[in-house]
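Take a look at the structure below.
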Amino acid sequence: MNVLAFNAGSSSLKYGIYAVDTERAQPLISQVNAMEPSAAGARAATDAALESILRTNIPFEAIGHRMVFGGPDDLPAFASPALFERLERFERLDPLHAPAALAALRRTHERFARLPNVLCFDTAFFRDLPERARMLPIENDEPQFLRRYGFHGLSYEYVRNALGKDLGSRSVLAHLGSGASLAALRDGRAVESTMGFSPLGGVLMATRPGDIDPGVLLYLLEERGTSVAELRRLLEERSGLRALSGGERDIRRLLERTDDPRAARAVEAFSLSVMKAVGALAALLGGIDTLVFTGGIGEHLAPIRARIVGGLGHLGMQLDDDANARHAPVVSLRSSSVTVRVVATDENAAIARATSSLVHSAAESSL
């Protein structure tokens with residue numbers, strides 16, 4: 001089956017056609033387009049992407065989309081009026097991603113209603129988290145909804161499939177990009193994530209703070225008179241690297257500003273945040289066999305990998321500086337007791353596989 005996959009982010013639309021079989025999803029064409037961060041921007045970007053795809057004359061039998069958050073019912077699902085209605089209620093919980101993703105899905109559903117349109121959720125990878133990892137330590141009268149989820153699941157799904165047995169029994173996966181999170185896997189099953197109910201928590205990110213003392217938020221609300229809307233903008237757009245550096249969110253540029261103490265402070269804070277998370281997840285697993293870097297930062301920034309691994313020598317990690325500089329698949333020394341890997345993720349490949357699986361299952365059940 002050929003699947004057209006869409007990944008509408010906060011500022012870009014990734015799309016491509018994938019040939020899917022039982023083992024893998026092979027890209028036939030893959031593209032990234034800039035996109036205005038809005039529903040209207042997503043509709044325009046989706047129309048442009050469809051025109052580009054149709055000009056290739058490569059056929060496709062189904063369309064898959066990424067959605068970051070969908071609540072507890074996060075298995076892949078066919079587009080339907082009921083699904084749209086349910087997801088509209090969640091848009092305000094993830095204004096960075098949900099409006100654009102939902103708009104892109106609506107657009108392809110309108111233009112290709114005869115084809116299966118499938119929504120794949122980032123949280124599904126973590127749906128079997130242990131109960132102690134799902135629970136929030138607050139009084140809670142809706143625990144099935146208000147709980148810890150975990151995100152970047154499509155990226156982790158791709159990495160897990162790509163590595164197979166090379167993943168090891170006790171692994172930590174680090175998806176490091178503008179949004180960043182880490183996941184702990186035991187025998188390939190997710191047992192913990194640094195993110196929880198929303199993509200705001202966990203490690204330091206480009207414009208998001210990661211974990212922050214709730215007392216700070218209460219102070220801003222009660223003493224400074226900050227509105228909820230202003231607080232949301234602060235947490236989603238004006239925190240993290242941007243706040244620490246004085247305005248720059250791109251860690252690549254921060255690494256280049258060698259004479260700027262604010263840039264150095266931001267880079268150090270990010271690296272330490274990830275390093276602490278690896279250590280905590282390794283403790284949870286009772287040790288670590290494999291550390292995997294993925295995402296834009298994890299895949300391409302050797303200095304960041306070196307900073308993180310350099311602080312984890314007590315866990316037996318030894319970095320191969322030459323391999324790290326070359327972004328080799330394995331960047332640890334042979335003598336390292338922890339294998340450190342770099343994997344280029346492909347969320348759209350995971351979307352294509354999940355879409356194909358759902359379509360085939362539906363077809364078999366109708367026989």
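Scan the chain and report its longest stretch carrying no trypsin sites (Lys or Arg not before Pro) that are both in a DSSP loop and have at most 12 other Cβ atoms within 10 Å. The longest such stretch corresponds to 115-223.
The residues neighbouring ARG107, those whose beta-carbon lies less than 11 Å from its own, together hold a net charge of +1 under the Lys/Arg +1, Asp/Glu -1 convention.
For the chain, a crude dipole built from +1 on the beta carbon of Lys and Arg and -1 on the beta carbon of Asp and Glu, taken about the Cα centre, is about 380 debye to the nearest 20. For the stretch 83-149, which chymotrypsin sites (Phe, Trp or Tyr not before Pro) are both in a DSSP coil and crowded by at most 16 other Cβ atoms within 10 Å? Here the sparse-neighbourhood loop sites are PHE90, PHE112, PHE145.
Within the set of other residues whose C-beta is less than 10 Å from the C-beta of ARG170, count the net charge using Lys and Arg as +1 and Asp and Glu as -1. Net charge around ARG170: -1.
For the stretch 153-342, what value does the Rg/Rh ratio take when both radii are computed over Cα atoms and Rh is the Kirkwood radius, given to two decimals?
Numbers: Rg = 17.1 Å, Rh = 17.1 Å.
Ratio of gyration radius to Kirkwood radius for the stretch 153-342: 1.00.
Projecting the Cα atoms of MET67, PHE90, LEU50 onto the dipole axis of the stretch 48-103, where Lys and Arg carry +1 and Asp and Glu carry -1 at the beta carbon, places LEU50 farthest toward the positive end. In a simple Cβ point-charge model (Lys, Arg +1; Asp, Glu -1; nothing else charged), the stretch 2-127 has a dipole of about 140 debye relative to its Cα centre. Normalised by residue number, the volume inside the convex hull of the Cα atoms of the chain is 156 Å³ per residue. I'd like to know which of ALA323, GLY296, LEU185 lies farthest towards the positive end of the charge dipole of the chain, counting +1 on Cβ of Lys and Arg and -1 on Cβ of Asp and Glu. Going by the Cα projections, it comes out as ALA323. Here's how it looks for SER332: its modeled amide H is under 5 Å from those of ASP320, VAL340, which are all 5 or more places away or on a different chain.
Hey, got a sec? Which GluC sites (Glu not before Pro) in the stretch 1-109 land in a DSSP loop and have at most 10 other Cβ atoms within 10 Å?
Details: sites: GLU23, GLU51, GLU61, GLU85, GLU88, GLU91; in loops: GLU23, GLU61.
Answer in residue order: GLU23.
No value in this document is a laboratory result; all are computed from the given coordinates. What you see is a predicted model; the values in this text were computed from it and never measured. Methodologically, a virtual Cβ is constructed for each residue, glycine included, from the backbone with ideal geometry; neighbour enumeration extends over all protein chains shown.
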